[in-house]
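Worksheet for the structure shown next.
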Amino acid sequence: MAEASQGIGADELQLATRNHGMPLEALRFDLTPAGLHYVLVHYDIPDAARGWRLEVGGAVRSPLALSLEDLRSRPRTTLPVTLECAGNGRAFLDPRPISQPWLLEAVGTAEWTGTPLSGLLEEASPADGAVEVLFTGADRGIEGEEEQEYERSLPLAEAVRPEVLVAYEMNGDPLPPQHGFPLRLIVPGWYGMAHVKWLRKVTVLTEPFAGYQQARGYRMRSAPDEPGEPVTRLLPRSLMIPPGIPDFMTRTRYVEAGTVVLRGRAWSGLGPITRVDVSWDGGWGWHEAALDPPVGPFAWCGWRFEWDAPRGELELLCRASDETGAVQPLHPRWNLGGYQNNAVQRVRVVVR
């Protein structure tokens, strides 16, 4: 983790108190309760209580303007989906990128209910030459010295995937205000920046979108003048429920010697998880955990390992691998925005 000498500024503290992560003990839930699911709000939570309509336009033959009742009357799909912020793990980078100082808790899995975006796009009928679909939220602010609404785009081929939803429910209830009430986008397998909240407009484009959140934000780069590579799909990650009981301030864990059952979750947007390994010797020796079936095709799976805990001060590690062969690294890859740090989790444990 970054040294305390780097300091935590009041601006970072303001972000940290507005947003919140999921306590790692909540990994025990297949579906994260709405109040424990991670939240990141770029600007303000907009007042979206009255007269909401979703516009579908741009390079289309039949523009649409749909009320919530219109959307609820359309085909309905419910999917469990794991969402993770692209900045999860940012606070472990050194030097620390100055932004929301996430440790490892910027994740959650919920059941999202809505109507497939593909049906809306089919009815609107994109014109010849359409290449992207732009999503505009109602939240507005200034970032990178640009006044803007929060906007992100997807390639048309991604937008018409049947699992991409215009969602109006979370875990069977209307979306909470902080999670995008009344409408949000759900893009299974992609980092959280793509899941635009307070969705009010869908615009089909014949040219790639070049707005701030696409061209400057959420790109992997090591210097400000680099164009960088865009952040897209979730890299594999495994997290464990910290065992035993914590020290209040340091969160060091205390457990009894003998058999300790370690549990956690793993996920990837690149493909299904095929393996989770556990280590307690700095990553020199790895031991395979047992996997549970995934909660859904776009959601995390559980894992379990019976650890014969020896006395002493140790550091537990866990790492995930997916079917593409991608494996969590031991150490993070530094980048200017602090994105996609999927280095292995490390949990300090005192075995008594």
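The values are calculated or read from the model by the stated rules, or taken from the named source; none is laboratory data. As the structure is a prediction and not an experimental result, all values here were calculated from the model. Every residue, glycine as well, gets a Cβ built from its backbone with ideal geometry; the counts of neighbours run over all protein chains shown.
Below, the figures for the structure above:
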{"read-out": "Residue 51 vs. criteria surrounded by fewer than 14 Cβ atoms within 10 Å (Cβ to Cβ) and either out of contact with any strand residue (DSSP E or B) (no Cβ under 7 Å at 6 or more places or on another chain) or assigned to a strand (DSSP E or B) (or both)", "value": "yes"}
{"read-out": "Wholly within the stretch 260-351, strands (runs of 3 or more DSSP E) carrying at least 1 residues that are hydroxyl-bearing (Ser, Thr, Tyr) and surrounded by fewer than 22 Cβ atoms within 10 Å (Cβ to Cβ)", "value": "273-279, 312-322"}
{"read-out": "Which listed residue, of 196, 255, is touching a Gly at 6+ places or on another chain (Cβ under 9 Å) and more than 23 Å from residue 318 (Cα to Cα)", "value": "196"}
{"read-out": "Selection within the stretch 172-216 - of a type outside the set (A, V, I, L, M) and assigned to a helix (DSSP H, G or I)", "value": "177, 178, 179, 192, 212, 213, 214"}
{"read-out": "Positions within the stretch 1-60 being without any contact (Cβ under 8 Å) to a residue 24 or more places away in the chain and hydroxyl-bearing (Ser, Thr, Tyr), in sequence order", "value": "5, 17"}
{"read-out": "Test: residue 235 is in a loop (DSSP other than H, G, I, E, B) and either closer than 19 Å to residue 84 by Cβ or polar (S, T, N, Q) (or both)", "value": "yes"}
{"read-out": "Top-ranked residue of the stretch 111-156 - restricted to ones that are crowded, with 19+ Cβ neighbours inside 10 Å and polar (S, T, N, Q), ranked as farthest from residue 204 (Cα to Cα)", "value": "113"}
{"read-out": "Subset of the stretch 253-265 (residues that are among the hydrophobic types (A, V, I, L, M, F, W, C) and over 15 Å from residue 347 (Cβ atoms))", "value": "257"}
{"read-out": "Top-ranked residue of the stretch 238-251 - restricted to ones that are without any contact (Cβ under 8 Å) to a residue 60 or more places away in the chain and in a strand (DSSP E or B), ranked as nearest to residue 97 (Cα to Cα)", "value": "246"}
{"read-out": "Counted residues, the stretch 23-72 - those being among the polar types (S, T, N, Q) and within 24 Å of the chain's Cα centre (by Cα)", "value": "1"}
{"read-out": "Every residue from the stretch 194-213 that is within 19 Å of the chain's Cα centre (by Cα) and over 21 Å from residue 98 (Cβ atoms)", "value": "194, 195, 196, 197, 198, 199"}
{"read-out": "Only listed residue being of a type in the set (Val, Ile, Thr) and out of contact with any Gly (no Cβ under 9 Å at 6 or more places or on another chain), chosen from 327, 260", "value": "327"}
{"read-out": "Tabulated pairs, the stretch 221-236, first in contact (Cβ under 8 Å) with a residue 24 or more places away in the chain, second of a type in the set (Ser, Thr, Tyr), C-beta under 7 angstrom, 6+ apart or interchain", "value": "231/191; 231/218; 231/339; 234/191; 234/268; 235/268; 236/268; 236/321"}
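Yes/no per residue for (1) β-branched (Val, Ile, Thr); (2) assigned by TED's automatic domain parsing to the domain that holds residue 307; (3) within 25 Å of residue 187 (Cα to Cα):
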residue: 242; (1), (2), (3): no, yes, no
residue: 250; (1), (2), (3): yes, yes, no
residue: 258; (1), (2), (3): no, yes, no
residue: 275; (1), (2), (3): no, yes, yes
residue: 285; (1), (2), (3): no, yes, no
